[in-house]
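Read the structure below first, then the notes.
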Amino acid sequence: MNIVVAMKQIPDLQQIRIRQRQPVLDGVPAALGMIDKNALEAAVLLKEKEGGQVIVLSAGNEEVEETVKEALAAGADQAFLVIDDSIENADGSVKAPILAEAVKRIEDVGLLLFGEGSGDNYSGQLGSRVAELLGWPQVGFASKIEIQGSQAIITRSLEDGDEILEVNLPAVVTVLGDINEPRIPSVTQILKAGRKPKEVLELEELELDLPALPQIKTLSNLAPETNRKQIKVGSVEELIQALKSEGVI
Amino acid sequence: MNFELSKEQSLLQAMARDFAEKRLEPIARQIDEENQIPAEILAEMGELELFGIPIGEEYGGAAGGYDGYVLVMEQIARISGGVAMTLAAHTLGLGALDKFGTEEQKQKYLPDACKGKTIASFAFTEPGTGSDPKQLTSTAVKEGDYYILNGTKRFISNANHPGPCVIFARESESQEVTAFIVDKWCEGYSISEPWAKIGMKGGVLTDVYMENIKVPAQNLLGQIGQGFPILLYGIALGKIGTSTAALGGTLAALEEALKYVKEKTHRGAPIAKFQAIQLKIADLKIKYETSRWLCYRLGWLANNIKDPAAFAAEAALAKAYCGDTVVEAAKIAMDAHGSYGLMKDYNIERILRDALIGPEIEGVSDMQKMIVAGSLLKR
Ligand SMILES: Cc1cc2nc3c(=O)[nH]c(=O)nc-3n(C[C@H](O)[C@H](O)[C@H](O)COP(=O)(O)OP(=O)(O)OC[C@H]3O[C@@H](n4cnc5c(N)ncnc54)[C@H](O)[C@@H]3O)c2cc1C
């Protein structure tokens, strides 16, 4: 059984600068989403126990051929890439059929993992959309995954408790960011990442009938404004009083 | 000309940064205070293959080149000078073994050293000489299939860790300086208490006592009398490590200063608004970038050495510059902190102590400048 991990190429968030309330993306190197890396680590851990191959699936512009080396260094055995410039600005309605079609072309997939949301837009739709297109069961917000024969036992961590589910394979699972801590790759894993097998397809080769682009446009993306109260205190007593009157303690 | 890192190089850099921030940063002060690196840290560095980056895969190395080594060393030194010192001295020993060892010697010593199961040393300095091989007094006397080594080596890094040590001694018949591979902790090998040095603690420094150490003749490194070229070549490669350890210190100084001047306020506004502070920040950035490109280029040059003497001059130039610069940078960053910088609560206190090591090791800065001048004037 093989495990596919869908990973999104996003701008390296640590290197983005903000100018005039807009992110400057020019010259920012591409990276893979943080939670996607948790999904990959979950897949590699399962593979180490159960065998099979971990295949990283990514759709993006041609840069993704380089970006995916990060996943290949971190333990993926192969990459399956769909390349087209338009994919970068596409929303879930476009990407889901692309990923679903790609998964159909990969042999013996038992599990398809996603991060619970991508590192940039965090729309969190793709897992469900792809599961629907494939007709597979889907489980979200997994904090633990175990394989038992033709099923997976999945713990979902919810606000008020843990839910344990049994799901038939093949299945789609989206994982939480705290499911694990991705390992640090070794020097040769990094240096040899580029030599691992890669299947690269152009978008046309999937022969899909895709909706027109773009269906959703981001108008603004800003952190909420916080106004600090700037209360000055002269003593610990005053501080305690201030905290009390603000309802903090 | 291409100044861009490849994807693999940026991943290597990110990996080392990640390791340094996650594993070393929480204990950097502890390493400094205890003058010891926890065994599990050294073991993890071994698993990540940080101990054999420039060594070929046929000898258990990672084949990442000296350019890869530089990228990793910078990130480690940014967080812990002591760990950087340990890695630099180890890689210095390995570089000499790799270049001058026989196939048999390399197969015997390199694989374990590349995995960090052993840690290498390189012992030239003696109580009577640091920069001048002519004054070397340790002796090697041939006895049957062995050489008997006697003498004292001063300030030897990693001498406490088991592993191979490249030791320079005067071969008695030829009276020539000759290099030997000694298994640390063999019979006749002992060390002093660690020197209580000012910085780069965790990089343990001891004297080595050789009392009738029996070294098998097959552990001769290179030829009898080849000690001097081995020393020069080895030390030239070693300066990649010390230059880059200094570079990491300069980066740390820049980052600490940047952080502090944005946090510390004067009449309600960060001190970063003062032009005098801004000039310091600019100076730090200039010092970092100049050191950085010298080190990256030195790593690249080391992968492509054609003329060892020309490389030695390049290495001396980088070492002189980066070694002196890290001290200047750490001092500027400390000035930006004012009195707070003197306190152990602030990293810059340790960064400055670590920095002071840079100009004084592997040949003091003046000696490096003499090599640079010599390469220009002897033509
Ligand atoms: C942290 C640390 C780690 C070390 N690790 C090692 C190690 O692993 N292996 C090892 O072998 N050594 C090691 N050393 C020793 C170090 O490399 C030497 O101490 C260093 O090369 C300087 O030698 P010295 O102290 O004898 O100084 P000297 O060479 O005596 O220099 C002292 C001063 O005299 C001047 N001077 C010397 N010779 C001349 C000359 N010909 N012309 C003009 N001026 C001159 C220099 O400019 C300098 O200012 C280490 C030292 C430290 C602090």
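The values are calculated or read from the model by the stated rules, or taken from the named source; none is laboratory data. The shown structure was predicted, so the numbers you read here are calculated from the model rather than taken from an experiment. Reconstructed Cβ throughout: ideal geometry from the backbone, glycine too, with neighbour counts over all protein chains shown. Only protein heavy atoms, including side chains, enter the accessible area calculation; ligands, DNA and RNA are left aside. Shrake-Rupley method; radii C 1.70, N 1.55, O 1.52, S 1.80 Å.
Summing +1 for each Lys or Arg and -1 for each Asp or Glu, what net charge is found among the other residues whose Cβ lies under 10 Å from the Cβ of A:VAL200?
Here the count lands on -4.
Bins of 10 Å, beginning at zero and ending with the bin holding the largest distance: percent of Cα pairs per bin for the protein assembly as shown, please.
Final binned percentages: 3, 14, 21, 21, 18, 14, 7, 2, 0.
At 4 °C and 1.567 mPa s, grab the translational diffusion coefficient of the stretch B:97-154 from Stokes-Einstein with a Kirkwood Rh over Cα pairs, rounded to a whole number in µm² per second. Can you show the working numbers first?
Values: Rh = 13.7 Å.
D = 95 µm²/s.
In nanometres, what is the gap between the two model label sites at B:GLU40 and B:MET367, each 7 Å from Cα along Cα-to-Cβ?
Between B:GLU40 and B:MET367, the label points sit 3.9 nm apart.
Using only the Cα atoms, work out Rg/Rh for the stretch A:2-219, with Rh taken as the Kirkwood radius, to two decimals.
When Rh is taken as the Kirkwood radius, the ratio is 0.95.
Given a Förster radius of 35 Å and the C-beta distance between B:ALA217 and B:ARG297 as r, what FRET efficiency does 1/(1 + (r/R0)^6) yield to the nearest 0.05? Before the final figure, lay out the partial values.
Working: r = 40 Å, r/R0 = 1.14.
Here the calculated transfer efficiency is 0.30.
Distance check, please: which entries in B:LYS117/B:LYS369; A:LYS8/B:LYS262; A:LYS69/B:LYS259; B:LYS106/B:LYS142; B:LYS22/B:LYS184; A:LYS69/A:LYS104 exceed 26 angstrom between their Cα atoms?
Exceeds cut-off: B:LYS117/B:LYS369; A:LYS8/B:LYS262; A:LYS69/B:LYS259; B:LYS22/B:LYS184.
Which is the longest stretch in chain A that no exposed loop site breaks, taking sites as GluC sites (Glu not before Pro) with a DSSP loop state and at most 10 other Cβ atoms within 10 Å?
A:1-106
What is the dipole size for the protein assembly as shown, taken about its Cα centre, with +1 at each Lys and Arg Cβ and -1 at each Asp and Glu Cβ, in debye to the nearest 20?
Roughly 2280 debye for the protein assembly as shown.
How large is ³J(HN,Hα), in whole Hz, for each residue of the stretch B:370-377 in order, when computed from phi with the Karplus curve 6.51 cos²θ - 1.76 cosθ + 1.60 and θ = phi - 60°, using x for Gly and Pro?
5, 5, 4, 4, x, 5, 8, 8
At 1.4 Å probe size, with the rest of the protein present, what percent of the exposed accessible area of the protein assembly as shown is carbon and sulfur atoms?
After summing per-atom areas, the C and S share lands at 51 percent.
To the nearest 10 Å², what's B:TYR109's accessible area with a 1.4 Å probe?
10 Å²
Which whole-number percent is the relative contact order of the stretch A:143-246 (Cα, under 8 Å, 6+ apart)?
13 percent
Using alpha carbons only, how many angstrom separate the centre of the stretch B:144-212 from the centre of the stretch B:1-47?
One Cα centre to the other: 28 Å.
Once you list every other residue whose beta carbon is under 12 Å from the beta carbon of B:GLU47, what net charge do they have if Lys and Arg are +1 and Asp and Glu are -1?
It works out to a net charge of +1.
Do any trypsin sites (Lys or Arg not before Pro) in the stretch B:107-163 lie in a loop, going by DSSP, with at most 15 other beta-carbon atoms within 10 Å of their beta carbon, and if so which?
Those satisfying the criteria are B:LYS117.
Can you bin the stretch B:228-377 into rounded, prolate or oblate? Criterion: square roots of the alpha carbon gyration tensor eigenvalues sorted a ≥ b ≥ c, rounded for a/c under 1.5, prolate for a/b above b/c, oblate for the rest.
Here the stretch B:228-377 falls in the prolate category.
Remind me, what semi-axes does the stretch B:85-130 give for its equivalent ellipsoid, largest first in whole Å, using sqrt of 5 times each Cα gyration tensor eigenvalue?
21, 14, 8
Could you work out the relative contact order of the stretch B:7-114? I mean the mean sequence separation of Cα pairs under 8 Å and 6+ apart, divided by the number of residues, in percent.
Averaging sequence separation for qualifying contacts and normalising by length gives 32 percent for the stretch B:7-114.
Rounded to the nearest 10 Å², what accessible area does A:PHE80 have for a 1.4 Å probe in the complete protein model?
Around 10 Å² of this residue is reachable by solvent.
Among the aspartates and glutamates, which fall within straight-line cross-link reach of B:LYS331, defined as a Cα-Cα distance under 13 Å, with same-chain neighbours fewer than 8 residues apart omitted?
List returned: B:GLU256, B:ASP283, B:GLU349, B:ASP354.
Could you put A:ILE147, A:ILE240 in order of accessible surface area, largest first, with the 1.4 Å probe and the full protein assembly present?
Result of the area sort, largest leading: A:ILE240, A:ILE147.
What is the interface area between chains A and B, defined as buried accessible area summed over both chains with a 1.4 Å probe, reported in Å² to the nearest 100?
1500 Å²
Mind checking the per residue accessible area of the protein assembly as shown for me, 1.4 Å probe, whole number of Å²? Please report the intermediate quantities before stating the final value.
Details: 30240 Å² over 628 residues.
Dividing the accessible area of the protein assembly as shown by its residue count gives 48 Å².
What residues qualify as long-range amide H neighbours of A:LEU201, i.e. H under 5 Å apart, gap of 5 or more or another chain, H built at 1.01 Å from N?
Under 5 Å from the amide H of A:LEU201: A:LEU81, A:VAL82, A:ILE83.
From the mean inverse distance of alpha carbon pairs (Kirkwood) and the Cα radius of gyration, derive Rg over Rh for the stretch B:121-227.
Expressed as Rg/Rh, it is 0.96.
Go through B:MET1, B:MET73 and list them by solvent-accessible area, largest first, probe radius 1.4 Å.
Correct descending sequence by accessible area is B:MET1, B:MET73.
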